[in-house]
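See structure below.
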Amino acid sequence: MISSVNVALPAPLVTAKGEVLSGIRKLPVRGRVAVRRLGVAGDGQGDLKVHGGPDKAVYVYSLDHYAPWTRELGRSDLVPGTFGENLTVEGMIETEVRIGDIYRFGTAVLQVTKPRSPCYRLVARMGLPDFQKTFLASGRVGFYCRVLEEGDVAAGDPVERISTPADALTVLQDARRLWGKEAAG
């Protein structure tokens, strides 16, 4: 199920590399939101060279990861959208979701394309200098999707797996393939 739909337009973000534009500070929105080929309506990215595009149109992160992060980081400010995800969902974890899986989220059809690679913008968002390594080591990275059929989504909408490719890697297996021991899980 979709727990939250989150969006943000690019705004200045102070990072270790200086001030940059970033759409990482996503906030939950109410009501139905359109999902188009290049992303969720009302959402944007600050650097289109490395964020967004057809294969990274929608970022999905599991609500199941919030409790462990709250404990491990000793923080009470972690809410849907904190990790920059467009869709916060229940039960879709990296050991079960596979690259190439096709899901219906609300009325939109999305295909899982790759695990999320954390960048310095997430580090700045979290305010923790080593968070990039911590995030990868957790294996709780979430995943990007391409939009196969445009539609709309809202909190409370069901998520239905339509198909899974034979012998596809899980998101965690793909993260380990890409980043080795850094993506321990």
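Numbers at a glance
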item: Residue count for region 50-80, restricted to those that are among the β-branched types (Val, Ile, Thr) and part of a helix (DSSP H, G or I); result: 1
item: Residue check, VAL33 in contact (Cβ under 8 Å) with a residue 12 or more places away in the chain and either out of contact with any Lys or Arg (no Cβ under 9 Å at 6 or more places or on another chain) or under 15 Å from GLY106 (Cα atoms) (or both); result: yes
item: Residue in region 152-166 that is under 14 Å from the mean Cα position of the chain (by Cα) and closer than 21 Å to LEU9 by Cβ present; result: no
item: So VAL5, is it hydrophobic (A, V, I, L, M, F, W, C), surrounded by 18 or more Cβ atoms within 10 Å (Cβ to Cβ), in contact (Cβ under 8 Å) with a residue 40 or more places away in the chain and in a strand (DSSP E or B); result: yes
item: Strands (runs of 3 or more DSSP E) completely within region 81-185 that count 3 or more residues being touching a strand residue (DSSP E or B) at 6+ places or on another chain (Cβ under 8 Å) and surrounded by 20 or more Cβ atoms within 10 Å (Cβ to Cβ); result: 87-89, 108-115, 143-149
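Only the coordinates and a few stated rules stand behind these numbers; no lab work does. Bear in mind the structure is a predicted one, so any value in this text is a computation, not a measurement. All Cβ positions, even for glycine, are placed from backbone atoms using ideal geometry, and neighbour counts span all protein chains on display.
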